Number of protein chains: 2
Amino acid sequence: MEKKKRIVIALGGNALGNTLPEQMAAVKITAKAIIDLIEEGCEVVIAHGNGPQVGMINNAMAALTRENPNQPNTPLSVCVAMSQAYIGYDLQNALREEMLIRNIPDIPVTTMITQVRVSADDPAFETPSKPIGHFMTEEEATLAAEKYGYIVKEDSGRGYRRVVASPKPAEIVEIRAIRSLVNDGQLVIACGGGGIPVTLQGTHLKGASAVIDKDFASRLLAEELDADCLIILTAVEKAAINFGKPNQEWLSDITTEQARKYMAEGHFAPGSMLPKVQAATEFAESKPGRTSLITLLEKAKDGILGKTGTSIHQ
Amino acid sequence: MEKKKRIVIALGGNALGNTLPEQMAAVKITAKAIIDLIEEGCEVVIAHGNGPQVGMINNAMAALTRENPNQPNTPLSVCVAMSQAYIGYDLQNALREEMLIRNIPDIPVTTMITQVRVSADDPAFETPSKPIGHFMTEEEATLAAEKYGYIVKEDSGRGYRRVVASPKPAEIVEIRAIRSLVNDGQLVIACGGGGIPVTLQGTHLKGASAVIDKDFASRLLAEELDADCLIILTAVEKAAINFGKPNQEWLSDITTEQARKYMAEGHFAPGSMLPKVQAATEFAESKPGRTSLITLLEKAKDGILGKTGTSIHQ
């Protein structure tokens, strides 16, 4: 029997909906795309973002503290943990159900609470820039800064928001357990929201006020699992150079050298397509034979069959 | 090499503290007791309650909905899922750290989001009696009943609370993944809060407005993993007959027949010691050689060594 192609999929948090009813609808579409890949004979591992979801949970915990001052503030790392369960529970059920509906032998599906270690020396901690949670007035922002040590910034004229660092992932703490299940042929949801960010302090893993980019966490997960392919799913079918300009050009098949050149030329938007191309390129560079694919969720199967998407390879 | 003794531990949610700082202190004590058992050569699987924690999360999600009426209500099943991550994250870290401190070869530790199927026909659904969440005024209770279909009851003169059913666990949905890791010698935290309660509706697993008793879920987990021992940790060192009376007698070593007799005689408090003795008895009855132990967290090691606790066996 031919060895199955192992794929790590990075799902966008935005694609999972802003509310629970939206999520329950979204995971059905997601499950179809993923089970398509399994029917194509691939071995799939799933990572995902959590932007809207961790924002909602963070707001809920803050609302509780406002109503009851005896309720301690809930750190962002704990909110990330809860978002992994909030998303994973629905997603694993949708995957299980899609296998049942298609009458294919069901594979055990599980969500693993995953911590991702970052370096306390990561320069990102010096310039926190990722806004999270709800908007605050200047007064609320000042209070939050005093009370919880939050770093707050004015956000596009709409008020103040907390900003946190987005450090690079250094280690997936639960990788051995994830690897065990994946090697056993099981379907694992891991590194949700980029993983719970922790720093090592002596023997202790301490939650960090940070969010890890899920594309970078997925890249690390793919490397650690010796995957053949990293698929980054997003809102466009392909990446483009000269995006939105008359000479815009969709990218179908590029080498890592080309990708590096286009990144250096500033073709990809920071915080949007840039981290995706960067993570995809790094994965393709990490070992001969590894390829990355950037495409739409609904096109994942076509992408794996070489029919669409932006493929990046050595 | 002698086969390791496989133990499923049922931890009380109350022992995990009411707030995050309390939990972070409590998991350190819990981790010591569990790593003691690992040092004794046991293979350990951990299940736990979530009473205070799921109540807190349920309150936070309700506070968010009160502040923002566009925010849909969060079902209890989703709150249970989040509580598994909230507790598991801290507990797995404390376990990992305790192994490092003792300089013993560290075992991968993971929290698995676990669903437990209950029967939609379970008679418990007809008489919901388990109070959860915060107290409400009569007006709020009426509104919650109308808006969310909650069943509310007056609770000991302190106001109204939502009550939910406590059905019996029928199946642990993620058991194959749990078994894989346990058989691989890894340390797994599963069935948190008794598991996310779901009922099977066609191909769909639907979240149920219920809480599953963690002692019964732990019993099922122990049976499914073919464990040798079920340890139910509680606030007393031993169960007793004629509890609180002049002829009170601590129980050290009893047969399942004796346990059945004492239960029938009404020696154990419903909702407190009774479900523990019942779960312990059912496990010991399920296969020759299986034993159960009810004791204090701090006495778990002494209990395994036969020095204390209430041991129930065939």
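The values are calculated or read from the model by the stated rules, or taken from the named source; none is laboratory data. Quick caveat: nothing in here was measured; it's all calculated off a predicted structure. A quick note on method: Cβ atoms are made from the backbone with ideal geometry, for glycine too, and the neighbour counts reach across all protein chains shown. The protein model used for the area step is the full one, side chains on, heavy atoms only, and it has no ligands, DNA or RNA in it. Shrake-Rupley method; radii C 1.70, N 1.55, O 1.52, S 1.80 Å.
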>> Within region A:18-33, does at least one residue satisfy the condition of being open to solvent by less than 30 Å² (accessible area, probe 1.4 Å), within 14 Å of chain B (Cβ to nearest Cβ), touching a Cys at 6+ places or on another chain (Cβ under 7 Å) and among the β-branched types (Val, Ile, Thr)?
In response: no
> Is region A:259-282 home to any residue that is part of a strand (DSSP E or B) and either under 24 Å from A:Asn183 (Cβ atoms) or open to solvent by less than 60 Å² (accessible area, probe 1.4 Å) (or both)?
Replying inline: no
>> Consider region B:176-199. How many of its residues are facing chain A (nearest Cβ under 10 Å) and outside any helix (DSSP H, G or I)?
In response: 9
> Is there any pair with a first residue in region A:10-21 that is of a type in the set (Val, Ile, Thr) and a second that is part of a helix (DSSP H, G or I) whose Cβ atoms are under 8 Å apart and which are 6 or more apart or on different chains, and what are they?
Replying inline: A:Thr19/A:Met56
> Which members of region A:105-132 meet the condition of being in a loop (DSSP other than H, G, I, E, B) and either away from chain B (no Cβ under 14 Å) or crowded, with 24+ Cβ neighbours inside 10 Å (or both)?
Replying inline: A:Ile113, A:Thr114, A:Ser119, A:Ala120, A:Asp121, A:Asp122, A:Thr127, A:Pro128, A:Ser129
> A:Leu221 is checked against (1) out of contact with any strand residue (DSSP E or B) (no Cβ under 7 Å at 6 or more places or on another chain); (2) closer than 29 Å to A:Ile172 by Cβ; (3) touching a residue at least 24 places away in the same chain (Cβ under 8 Å) and fails just one. What number does that condition carry?
Replying inline: (1)
> If a residue has to be within 14 Å of another protein chain (Cβ to nearest Cβ) and within 16 Å of B:Ala227 (Cα to Cα) to count, how many in region B:34-59 make the cut?
Replying inline: 2
> When only residues in region A:69-85 that are surrounded by fewer than 24 Cβ atoms within 10 Å (Cβ to Cβ) and out of contact with any strand residue (DSSP E or B) (no Cβ under 9 Å at 6 or more places or on another chain) count, which is farthest from the other protein chains (Cβ to nearest Cβ)?
Replying inline: A:Pro69
> Given the conditions (1) open to solvent by less than 10 Å² (accessible area, probe 1.4 Å); (2) small (Gly, Ala, Ser); (3) more than 16 Å from A:Gln84 (Cβ to Cβ); (4) in a helix (DSSP H, G or I), and given that B:Ala47 satisfies all but one, which numbered condition is not satisfied?
Replying inline: (4)
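It is to be established whether one or more residues within region B:131-138 are under 16 Å from B:Val54 (Cα atoms) and aromatic (Phe, Trp, Tyr).
yes
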> Any idea how many residues of region A:163-196 are of a type in the set (D, E, K, R) and in contact with a Leu (Cβ under 7 Å, 6 or more places away or on another chain)?
Replying inline: 1
> Looking at (1) open to solvent by less than 60 Å² (accessible area, probe 1.4 Å); (2) among the aliphatic types (A, V, I, L, M); (3) under 18 Å from the mean Cα position of the chain (by Cα); (4) at pLDDT below 95, which is the one condition that is false for B:Ala235?
Replying inline: (1)
> What are the residue pairs meeting all of these: first residue in region A:149-168, first residue at positive phi, second residue modelled with pLDDT under 85 and not hydrophobic (A, V, I, L, M, F, W, C), Cβ atoms under 9 Å, and 6 or more apart or on different chains?
Replying inline: A:Gly159/A:His134
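For every residue, the table says whether it meets (1) among the hydroxyl-bearing types (Ser, Thr, Tyr); (2) at pLDDT below 95.
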site	(1), (2)
A:Val173	no, no
A:Arg176	no, no
A:Ser180	yes, no
A:Asp184	no, no
A:Ile189	no, no
A:Gly195	no, no
A:Gly202	no, yes
A:Leu205	no, no
A:Ser209	yes, yes
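If I filter region B:70-79 for residues that are of a type in the set (A, V, I, L, M, F, W, C), part of a helix (DSSP H, G or I) and at pLDDT 95 or above, do I get at least one hit?
Taking every residue of region B:70-79 in turn, at least one turns out to be of a type in the set (A, V, I, L, M, F, W, C), part of a helix (DSSP H, G or I) and at pLDDT 95 or above.
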> Does B:Leu221 meet the test of being open to solvent by less than 30 Å² (accessible area, probe 1.4 Å) and part of a helix (DSSP H, G or I)?
Replying inline: yes
> Only one of these conditions is not met by A:Phe135: (1) open to solvent by less than 50 Å² (accessible area, probe 1.4 Å); (2) of a type in the set (Phe, Trp, Tyr); (3) within 13 Å of chain B (Cβ to nearest Cβ). Which number is it?
Replying inline: (1)
> Out of all the residues in region A:86-104, which are within 12 Å of chain B (Cβ to nearest Cβ) and either in a loop (DSSP other than H, G, I, E, B) or β-branched (Val, Ile, Thr) (or both)?
Replying inline: A:Ile87, A:Ile101, A:Arg102, A:Asn103
>> Condition first: under 23 Å from B:Ala217 (Cα atoms), at pLDDT below 95 and among the aliphatic types (A, V, I, L, M). Can you find one or more residues in region B:87-96 that meet it?
In response: no
> Mind checking which residues of region A:171-188 are hydrophobic (A, V, I, L, M, F, W, C) and within 21 Å of A:Pro75 (Cα to Cα)?
Replying inline: A:Ile172, A:Val173
> Taking the stated definitions as given, is B:Thr65 buried (at least 17 other Cβ atoms within 10 Å of the Cβ) and either at the interface with chain A (Cβ under 7 Å from one of its Cβ atoms) or of a type in the set (Ser, Thr, Tyr) (or both)?
Replying inline: yes
>> Cβ contacts < 9 Å: first residue without any contact (Cβ under 8 Å) to a residue 40 or more places away in the chain and open to solvent by 10 Å² or more (accessible area, probe 1.4 Å), restricted to region A:186-208; second residue in a loop (DSSP other than H, G, I, E, B) and of a type in the set (A, V, I, L, M, F, W, C), any location; separation 6+ or different chain. Result?
In response: A:Lys206/A:Ala120
